[in-house]
Every structure is written in structure tokens, then in C-alpha cells.
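Notes for the one structure printed next.
The values are calculated or read from the model by the stated rules, or taken from the named source; none is laboratory data. As the structure is a prediction and not an experimental result, all values here were calculated from the model. As a convention, Cβ positions derive from the backbone with ideal geometry for all residues, glycine included, and neighbour counts pool all protein chains shown. The accessibility values were calculated without ligands, DNA or RNA, using every heavy atom of the protein model including side chains. Shrake-Rupley method; radii C 1.70, N 1.55, O 1.52, S 1.80 Å.
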Amino acid sequence: MADLIVFASPLYFWIISSKLKAFIERFYRIAEEDPNPPLGRYEKYPVKDCALLMTAADNYFWTFEQAVSYYKFALVNYIGFHDKGMVLAGGCGDTNGKPHINKTIHLREAYEFGERIYANV
């Protein structure tokens, strides 16, 4: 069983991809009834660590705002996973499909994130 679930997606219209969202929606299958629900929830989920990795062509201050909001609400606040961090890689391409990630620092950031995520455990 995994200790960490990494959610990785390109940014599509300011949110995670529909395939990743469909995967998250299937988590209801692993939910169990909670006899003492916090905040009106009626189910509980296995406790897991999670992280978010995303790429986007744009790199504005608001580029990942909606996706991060969804991640924090659905996975961290509602399901109850423990957030281990995010790598939000903006400026990785253009809308014509030309990748530019190799011209950014994001590949190095993702590698270093993976190295340190459990370094002090």
C-alpha cells in the first residue's frame, strides 16, 4: 500500500485534467461510513500523504489558483489527506504545443522535491 499519492496533471482551463478528476471521484469507492463525522461529512478515507505536480504553458500569478484550490479542498480538507507539497511548473510551453520545460528550472525543482519529501523521516 502506498504512503504517498502524487497527483500529476497538466493544467487544462485552470483546473486538473478530466482524467485525474475522474480518478479522484472514484475515491468514494474506498470511503467508509463515519459514525462521528466532522463538519457534516458521513464518510472517512484512509489517511495518506499527497502531493500535487502540475505543468502549464502560462506563468501568471493566478495560473494555478483554481487547481490548487480544488486540490486543497477536495483532497486535503474533505478527504483528509496530508499535503506534502506542490511543484507548480508554469511557463512550460505555449498553446501551439511546443514544450519549453527543458528551458525552465522546473525539472530540477521536481527532482529535488522528490528527494526531500521524506528526507527527514
**Request:** Report, in debye and to the nearest 20, how large the dipole of segment 57-121 comes out about its Cα centre when Lys and Arg carry +1 and Asp and Glu carry -1 on their Cβ.
**Result:** 80
**Message:** Please report the antiparallel percentage of the DSSP beta bridges confined to the chain, to the nearest 5.
**Reply:** 25
**Request:** Please work out the Cα center distance from segment 52-86 to segment 100-121, rounded to the nearest Å.
**Result:** 17
**Request:** Set the Förster radius R0 to 22 Å, insert the Cβ-Cβ distance between GLU32 and TYR12 as r into 1/(1 + (r/R0)^6), and round the FRET efficiency to 0.05.
**Result:** 0.10
**Request:** Given a cut-off of 24 Å, name the pairs among LYS21/LYS44; LYS48/LYS103; LYS72/LYS103; LYS19/LYS103; LYS19/LYS98 whose C-alpha atoms lie farther apart than that in the structure shown.
**Result:** LYS48/LYS103; LYS72/LYS103; LYS19/LYS103
**Fill in**
Over the chain, the sum of -39500 (n - 2.57) across DSSP H runs of at least four, divided by residue number and rounded to 500 deg cm²/dmol, gives at 222 nm -5500 deg cm²/dmol
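If the only charges are +1 at each Lys and Arg Cβ and -1 at each Asp and Glu Cβ, what is the size of the charge dipole of the chain around the Cα centre, to the nearest 20 debye?
240
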**Prompt:** Lys/Arg Cβ at +1, Asp/Glu Cβ at -1, dipole of segment 4-116 taken about the Cα centre: which of ALA51, ASN102, ILE79 is farthest positive-ward?
**Reply:** ASN102
**Simple spin-label estimate for PHE73 and GLU112 in nanometres, 7 Å along Cα-Cβ** = 3.2
**Fill in**
Averaged per residue, the 1.4 Å probe accessible area of segment 1-119, protein heavy atoms only, in Å², is roughly 68
**Inter-label distance, nm, simple model (7 Å from Cα along the C-beta direction), GLU25/ASN59** = 3.4
**Request:** Work out which chymotrypsin sites (Phe, Trp or Tyr not before Pro) in the chain are exposed loop sites (DSSP not H, G, I, E or B, at most 15 other Cβ within 10 Å) and give the longest gap free of them.
**Result:** 63-117
**Message:** Among LEU4, GLY93, GLN66, whose Cα projects farthest towards the positive end of the dipole of the chain, with charges put on the beta-carbon of Lys, Arg (+1) and Asp, Glu (-1)?
**Reply:** GLY93
